[in-house]
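Read-outs: derived from the displayed coordinates by stated rules, not from any lab. Predicted model only: the values in this text are computed from it and were never measured. Using ideal geometry, Cβ is built from the backbone for each residue, glycine included, and neighbour counts are taken over all protein chains shown.
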Amino acid sequence: MDSKELAEWAETRLKSKVMYSLIHGVLTWGLPAGIVTFLFKEPIGENFDIEMLIVYLSFWSFGGFFYGLISWFSNHRKYKKQLQISNDES
């Protein structure tokens, strides 16, 4: 992590893990993945199945939430490691 990334993560980590997971996991990964999967798997036309769309969006949103949590912990670990390296150099 460079100094800009450190500063950005210092701000981001003050927000809750849940909010980070909702934004970076569900909104930017889960919902788009659910929509794309639905579009490739289900034919669109007269037989549009809203129930299957809800199933896909629910499944991918759930996965996206955990993706966001994993991402949060990974970034936090990198941040702490970089801070330790910076403190050792001082």
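Summary table
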{"read-out": "In nm, spacing of pseudo-spin labels at Ser74 and Met19 (7 Å Cα→C-beta vector)", "value": "2.3"}
{"read-out": "Axial C-alpha extent at least 27 Å, average Kyte-Doolittle at least -0.5 - helices from the chain (DSSP)", "value": "50-89"}
{"read-out": "Separation between Cα centres of segment 45-60 and segment 1-42, rounded to whole Å", "value": "22"}
{"read-out": "Protection proxy ranking, peptides 73-79, 48-54, 26-32, average beta carbon neighbours within 10 Å, highest first", "value": "26-32, 73-79, 48-54"}
{"read-out": "Zero-based 10 Å bins, Cα pair distances in segment 3-89, whole percents", "value": "17, 34, 23, 15, 8, 2, 0"}
